[in-house]
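A short worksheet on the structure shown next.
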Amino acid sequence: MASIFTKIVKGEIPSYKIAEDNNYFAFLDINPIAEGHTLVIPKKEVDYIFDLNDETLSGLIQFSKKIAKGIDQALGTIRTGIIVEGLEVPHAHVHLIPIYYDGQPVSLGKKINVPEERMKEVATLISNSVEV
Ligand code: AMP
């Protein structure tokens, strides 16, 4: 069965899309730990990130770099962090976490509430700052 992220790529379920190219797709995490918390995935569905072939893995990081730079520009971060866990959704992905101040807690456990309108706004802001 297709993963929930494959369904997002295919447009079968909605997402706060940020950007895509032929091989990768970026969208907001629906349970963010910081405003602008973004997921970046390879379109090819592989569960464990370290089972990706070298080309796909390095492409994922390069695509994530473009998105992270867009986050930094759009949201005025001090930098963007990267976390890989992958225990919930069996489709390889990286979490990009905007960091707004020194000492900001960065942990996948602590969710914040971002209203839907703001999620849409943030996705558009980042999207407009990304060139893929
Ligand atoms: P993990 O697999 O532990 O790295 O985390 C998976 C992440 O996917 C979690 O942070 C979820 O909030 C996020 N997530 C699950 N379903 C969706 C969805 N439909 N759209 C956006 N993010 C999602």
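Check ALA19: other-chain or 5+ apart residues with amide H under 5 Å from its amide H, H built from backbone geometry?
Amide H neighbours of ALA19: ALA26.
Give the average over all directions of the projected area of the C-alpha convex hull of the chain, one decimal, in nm². Provide the component values of the computation, followed by the final result.
On the way: hull surface 30.6 nm².
For the chain, the mean projected area of the Cα convex hull comes to 7.6 nm².
Report the antiparallel proportion of the DSSP beta bridges in region 1-85 as a percent, rounded to a multiple of 5. Mind showing how you got there, number by number?
Values: 8 of 8 bridges.
About 100 percent, rounded to the nearest 5.
Using the Cβ atoms and a cut-off under 15 Å, what net charge is assigned to the surroundings of ASP47, where Lys and Arg are +1 and Asp and Glu are -1?
On the way: positive: LYS43, LYS44; negative: GLU45, ASP51, GLU85, GLU88.
After counting each charged neighbour, the total is -2.
For LYS110, which lysines qualify as cross-link partners when the Cα separation must be under 23 Å and same-chain residues fewer than eight apart are set aside?
LYS17, LYS120
Using only the alpha-carbon atoms, how far is helix 116-129 inclined from the longest principal axis of the chain? Give it as 0 to 90 degrees, nearest 10.
Tilt relative to the chain: about 80 degrees.
Can you tell me the relative contact order of the chain? Whole percent, Cα pairs under 8 Å, sequence separation 6 or more. Kindly include the intermediate steps, with their values, before the conclusion.
Numbers: 233 pairs, mean separation 42.4, N = 132.
That works out to 32 percent.
Taking the Cα centre of region 4-129 as the origin, how large is its charge dipole in debye, to the nearest 20, when only Lys and Arg (+1) and Asp and Glu (-1) carry charge on their Cβ atoms?
Details: 13 positive and 17 negative charges, 50 e Å.
With Lys and Arg at +1 and Asp and Glu at -1, about 240 debye.
Readers should treat all values here as calculations from the given coordinates under stated rules, not as data from a laboratory. Not measured: the values here are computed from a predicted model. Cβ: placed from backbone, ideal geometry, glycine included. Neighbour counts: every protein chain shown.
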